[in-house]
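Undergrad: Can you read through this structure? Questions will come right after.
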Amino acid sequence: MIEAMRLVQDTIRYVSLSMGRGSYIPRSPDVVVKSGFGDCKDKALLLASSLRRLGIQADPALTDLDDGFALGDILPTVRAFDHVIVKAVIGSQAYWIDATNYLQGGRAENLVPPDYGFALPIVAGNAQMERIERKELFQPTTFVSEAFDFPKLKGEPLNLTVSTTYRDADADSMRYRLVSQSATKLADDYLQYYNRQYPGMTSLATLSTNDDRDRNVVTIVESYELPAEALDTDDLVTNFPLKADVGISNLPAPDMVGRIGPVWLGSPMFKRHQCIVRNLKAQFVGPEKSDDVITPYVAFKARWSSTSTEFQVDWYLKTIGDRVPAKNIGAYLRSRKKMSDNSGWNYNFAYAEPEAN
């Protein structure tokens, strides 16, 4: 199933043919193969036909890219759908596959289904709308680890090594990004991000990437240097920021005025951001008061540990529900602000413990 999926996803170019009969009727699989391109219904029919040829039960299924989660509640209409995917069944396990995806990772046991809510398989007889079940996230799908090595001697630079691990849907997104833009452009984007926080940061090496497609894990390693003069400019070292990029800005911030419908939180999210600061001259601590945010919709935690020369903090953000009811939007917005306020800490890392007499 996976090999057939990759063959259709990766080698048949996606081109929309939404004109005349092409708006509703797919072309035959042999025509799609010969032309080397097709739209969603073309590719879905090709994949379903290929899987059937392999002895796998498979059917095209109608869904909606933007409003798929509403399909379970609306009255039947021919205009309810704008996309076609595939439902494949092996034994008692159903697999939902979007044949228009490109370079999707994973095998059957860790394949990420498209997050479209509901779909209507095109089968003879009693066809019914079905829920595309989401897989629960048990580990972060994006884990950023920043290691700051402060200079041991005056005049030496600060070194920063960033290792990011992407899994599941986040790995699919990063894999596509790695092939759709140049490595130079990607490296420049990352360098600009760190320069906004630490002016004067320069790159030490080219991006290092590794892609384990079957496990659906992509890792990227970045290396930077901050010269001693940049570290001393504007007393950066005495007000050094540690900031968590765990996706808080991606959470919606709706207007409460006149709101009667729920707020959609989007696809499931679980992110972790770690900062490790080494070669310190004193023992540093995090806030004594817990700033955890636990709601029925989203959870945010911060944990820290330290030694006499090292300080580490880990931030976690995970969405729990998929929507916030209108009556709870005020509490949700207050929680969102608290998360944002506690996603960055500043320290005077120039401080040194007084020497004992």
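Undergrad: Could you pull out the residue among Tyr351, Tyr297, Tyr316 that is among the aromatic types (Phe, Trp, Tyr) and within 22 Å of Gly261 (Cβ to Cβ)?
TA: That would be Tyr297, the only listed residue that is among the aromatic types (Phe, Trp, Tyr) and within 22 Å of Gly261 (Cβ to Cβ).
Undergrad: What is the number of the single condition among (1) of a type in the set (Phe, Trp, Tyr); (2) out of contact with any Leu (no Cβ under 7 Å at 6 or more places or on another chain); (3) modelled with pLDDT under 95 that Trp315 does not meet?
TA: Just one mismatch for Trp315, condition (3).
Undergrad: Considering each of Gln57, Gln9 in turn, give the residue that is within 30 Å of the chain's Cα centre (by Cα), assigned by TED's automatic domain parsing to the domain that holds Ala88 and either under 21 Å from Pro121 (Cα atoms) or modelled with pLDDT of 95 or more (or both).
TA: Only one candidate qualifies: Gln9.
Undergrad: I'd like to check something: does segment 329-340 contain any residue that is assigned by TED's automatic domain parsing to the domain that holds Val162 and part of a strand (DSSP E or B)?
TA: No, segment 329-340 contains no residue that is assigned by TED's automatic domain parsing to the domain that holds Val162 and part of a strand (DSSP E or B).
Undergrad: Being free of Cβ contacts under 8 Å to residues at least 60 places away in the same chain and within 9 Å of the chain's Cα centre (by Cα) is the filter here, so list the residues in segment 164-196 that pass it.
TA: Of everything in segment 164-196, those that are free of Cβ contacts under 8 Å to residues at least 60 places away in the same chain and within 9 Å of the chain's Cα centre (by Cα) turn out to be Tyr166, Arg167, Asp170, Ser173, Met174.
Undergrad: So which residues in segment 52-78 are charged (D, E, K, R) and farther than 16 Å from Tyr116 by Cα, if there are any at all?
TA: Arg52, Arg53, Asp59
Undergrad: Okay, next question. Show me the strands (runs of 3 or more DSSP E) entirely contained within segment 210-315 in which 1 or more residues are surrounded by fewer than 20 Cβ atoms within 10 Å (Cβ to Cβ) and β-branched (Val, Ile, Thr).
TA: So the answer is 217-226, 270-278.
The values are calculated or read from the model by the stated rules, or taken from the named source; none is laboratory data. Note that the structure is predicted; figures quoted are calculated from it, not measured. With ideal geometry, Cβ positions are generated from the backbone for all residues, glycine too; neighbour counts draw on all protein chains shown.
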